[in-house]
Amino acid sequence: MQEQLAAIAERFERVQGRLHDLVADTPIERWGVRADPARWSVAECVAHLNLTAQAYLPMLRDAFSDAQFAKVPAPRRYRRDLIGWLLSASMAPKRWVGVLGKSKTIPVFVPGGDLQQSTTVAEFDRLHVQLIQLTLSAEGLPLQAMRIVSPFNARLSYNAYSCLMILPRHDERHLWQAEHVWDKH
């Protein structure tokens, strides 16, 4: 297994474990409640990650199955492009937001509706199993040649390797946010 892809898959697995630790540490009565009206609840943080995975999975599948890349060799070592590197850096936990600037998500990625713990967590697990499988299936693909257009901002695109690096970083950022929902401000 290509070591960079294996490392990304491991990050997705750690994110799943971290979510389950968060669920164990969060009283059910606090799951969907905002501690501060200006900040998301634990449930909303997790549901946002589900919406994000739902948007990226089909784009990655399409890129990985695109016939134009069938005869393009994979590099020995994958590299993020500049946009991918910058986006990944911007996904630092909230404590670094002052350095990198705060961003607000677009409405389609703002969670709403019924965010019951069991269904939200089950959806997270289902989507992350798919992300892990898809990451592992990318071995031998020319990920640096494949472009992904950001569903958050259509003016931004980055290579598929950058995308695979950004997604677990984005998960880590919002899980950090969820873990600190009930901190005193």
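Brief remarks follow.
- Checked against (1) closer than 17 Å to Glu172 by Cα; (2) in contact with a Leu (Cβ under 9 Å, 6 or more places away or on another chain), Ser103 passes all but condition (2).
- Selected residue (only one of Arg39, Arg30 is farther than 18 Å from Glu172 by Cβ and in contact (Cβ under 8 Å) with a residue 12 or more places away in the chain): Arg30
- Residues of the stretch 1-20 classified as among the acidic types (Asp, Glu) and either within 14 Å of Met165 (Cβ to Cβ) or buried (at least 20 other Cβ atoms within 10 Å of the Cβ) (or both), total: 2
- Scanning the stretch 70-83 for residues that are over 12 Å from Arg147 (Cα atoms) and part of a loop (DSSP other than H, G, I, E, B) gives Ala70, Lys71, Val72, Pro73, Ala74, Pro75, Arg76, Arg77, Tyr78, Arg79.
- Tabulated pairs, the stretch 103-126, first over 30 Å from Arg155 (Cβ atoms), second open to solvent by less than 80 Å² (accessible area, probe 1.4 Å) and in a loop (DSSP other than H, G, I, E, B), C-beta under 6 angstrom, 6+ apart or interchain: Leu115/Gly32; Gln117/Trp31
- Residue ID - modelled with the lowest pLDDT, chosen from residues in the stretch 30-52 that are small (Gly, Ala, Ser) and part of a loop (DSSP other than H, G, I, E, B): Ala38
Quick grid of which residues meet (1) over 15 Å from the mean Cα position of the chain (by Cα); (2) assigned to a helix (DSSP H, G or I); (3) aliphatic (A, V, I, L, M):
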{"site": "Ala55", "(1), (2), (3)": "no, yes, yes"}
{"site": "Arg61", "(1), (2), (3)": "yes, yes, no"}
{"site": "Gln68", "(1), (2), (3)": "yes, yes, no"}
{"site": "Ser88", "(1), (2), (3)": "no, yes, no"}
{"site": "Thr105", "(1), (2), (3)": "no, no, no"}
{"site": "Val129", "(1), (2), (3)": "no, yes, yes"}
{"site": "Gln144", "(1), (2), (3)": "yes, yes, no"}
{"site": "Pro151", "(1), (2), (3)": "no, no, no"}
{"site": "Arg169", "(1), (2), (3)": "no, yes, no"}
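- Residues being in contact (Cβ under 8 Å) with a residue 12 or more places away in the chain and not small (Gly, Ala, Ser) - total across the stretch 58-86: 16
- Scan of the stretch 53-66 for residues that are open to solvent by 50 Å² or more (accessible area, probe 1.4 Å) and either at pLDDT below 95 or closer than 21 Å to Gln177 by Cα (or both), ordered by number: Gln54
- Being open to solvent by 40 Å² or more (accessible area, probe 1.4 Å) and at positive phi is a property that Gly112 lacks.
- Answer from Arg169, Arg76, Arg126 - the residue that is open to solvent by 40 Å² or more (accessible area, probe 1.4 Å) and over 26 Å from Gly17 (Cα atoms): Arg76
The values are calculated or read from the model by the stated rules, or taken from the named source; none is laboratory data. This structure is a prediction, so every number in the text was calculated from the model and none was measured. In this analysis, Cβ positions are derived from the backbone assuming ideal geometry, glycine residues included, and neighbour counts consider all displayed protein chains. To get the accessible areas, we keep the full protein, side chains included, count just its heavy atoms, and leave off ligands, DNA and RNA. Shrake-Rupley method; radii C 1.70, N 1.55, O 1.52, S 1.80 Å.
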